[in-house]
Amino acid sequence: MQLEARRMRAAELLRRGMRASDVAKAVGSSKSSVTRWKEVLEKSGVEGLKAKPHPGPTPRLSKGQKRWLIKILLRGPLAAGFPTDLWTCPRVAAVIERTFGVHYHEGHVWHLLRRLGWSCQKPERRARERDEDAIQRWRQEDWPRIKKSPSQAHPHRFSR
């Protein structure tokens, strides 16, 4: 929409009689673009400068279905009938097919999820008994004491 607004601003300035180079400076574009826009404006009018939708196949899920899918995903895999609380692409594909009757390849599910604002996250595997204070103490006290310095690690190398 910003590009369309820029073209519309340029069209207005061109209609006022400004030169292409001055319009280019005013809208922050190249002179060649403004010249091309001027030709389109003369041929097709302002309609020719409007943004055109990108070609491509129609989405298999409607906007409403995508919103519904997000609600299902937010409820979690356990609520969707899976044994663990981890979403995977095959699981999401199964939910889409079961809920909407639309088959997605699991590789394409990843692209769909990214467009919906989801990202890949690997769960952290940590012991439940993990003692953060003990770990921090070890890092500060023990690790510096037992860590090899560069000169100890490679005694045969010379430094300059």
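The values are calculated or read from the model by the stated rules, or taken from the named source; none is laboratory data. Being a predicted model, the structure only gives us computed values, none of them experimental. Neighbour counts are summed over all protein chains in view; Cβ atoms, including those assigned to glycine, are modelled from backbone coordinates with ideal geometry.
See the values below:
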item	result
Members of the stretch 76-116 found to be of a type in the set (A, V, I, L, M, F, W, C) and over 18 Å from Lys63 (Cβ atoms), listed by number	Leu78, Ala79, Ala80, Phe82, Leu86, Trp87, Cys89, Ala93, Ala94, Trp110
Which numbered condition Glu106 misses (of (1) in contact (Cβ under 8 Å) with a residue 12 or more places away in the chain; (2) acidic (Asp, Glu); (3) farther than 21 Å from Leu86 by Cβ)	(3)
Pro77 outside any helix (DSSP H, G or I), surrounded by 13 or more Cβ atoms within 10 Å (Cβ to Cβ) and not polar (S, T, N, Q)	yes
Output for the stretch 47-66, where each listed residue is part of a helix (DSSP H, G or I) and surrounded by 12 or more Cβ atoms within 10 Å (Cβ to Cβ)	Gly48, Leu49, Gln65, Lys66
Filter pass, Arg114 being in contact with a Pro (Cβ under 7 Å, 6 or more places away or on another chain) and either modelled with pLDDT of 95 or more or among the basic types (Lys, Arg) (or both)	no
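Quick grid of which residues meet (1) of a type outside the set (A, V, I, L, M, F, W, C); (2) in a helix (DSSP H, G or I):
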position: His111; (1), (2): yes, yes
position: Gly117; (1), (2): yes, no
position: Glu124; (1), (2): yes, no
position: Ala127; (1), (2): no, no
position: Arg130; (1), (2): yes, no
position: Ala134; (1), (2): no, yes
position: Arg139; (1), (2): yes, yes
